[in-house]
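Colleague: Dropping the structure in here first, questions after.
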Amino acid sequence: MSEIKGQLLGIILVLIVFGAISVSMAAVFRNTAKQVTDRSNGLGEAVETEMNKTEETPSDDNVDFGSGFLSY
């Protein structure tokens, strides 16, 4: 009888451990999916902002190195 109790206890412990791992993994994946969604929404807004810029308002990346400060 004690062998059956030991096997049942082992099965119950394995189920508890796998259940806890699956719940934590689901929470991690849910959080990661939310972060990806937030970043992709921010990226879309940044692209729209960059597309709406005109030549009169250059971004910080558009630096004119052709001004001749290293000319000989």
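Colleague: Return the residue satisfying two criteria in turn: it lies in region 33-72 and is open to solvent by 80 Å² or more (accessible area, probe 1.4 Å) and among the small types (Gly, Ala, Ser), and of such residues it is modelled with the lowest pLDDT.
Modeller: Ser71
Colleague: Going through region 1-22 one residue at a time, which ones are surrounded by fewer than 10 Cβ atoms within 10 Å (Cβ to Cβ) and β-branched (Val, Ile, Thr)? Walk me through it before giving the result.
Modeller: As a first pass, look at region 1-22 and keep what is surrounded by fewer than 10 Cβ atoms within 10 Å (Cβ to Cβ): 1-5.
Ile4, the sole residue that qualifies.
The values are calculated or read from the model by the stated rules, or taken from the named source; none is laboratory data. Computed from a predicted structure; not experimentally measured. Heads up, the Cβs are rebuilt from the backbone with ideal geometry, glycines too, and the neighbour counts pull from every protein chain shown. Note: accessible area is taken over every heavy atom of the protein model, side chains too, but ligands, DNA and RNA are not part of it. Shrake-Rupley method; radii C 1.70, N 1.55, O 1.52, S 1.80 Å.
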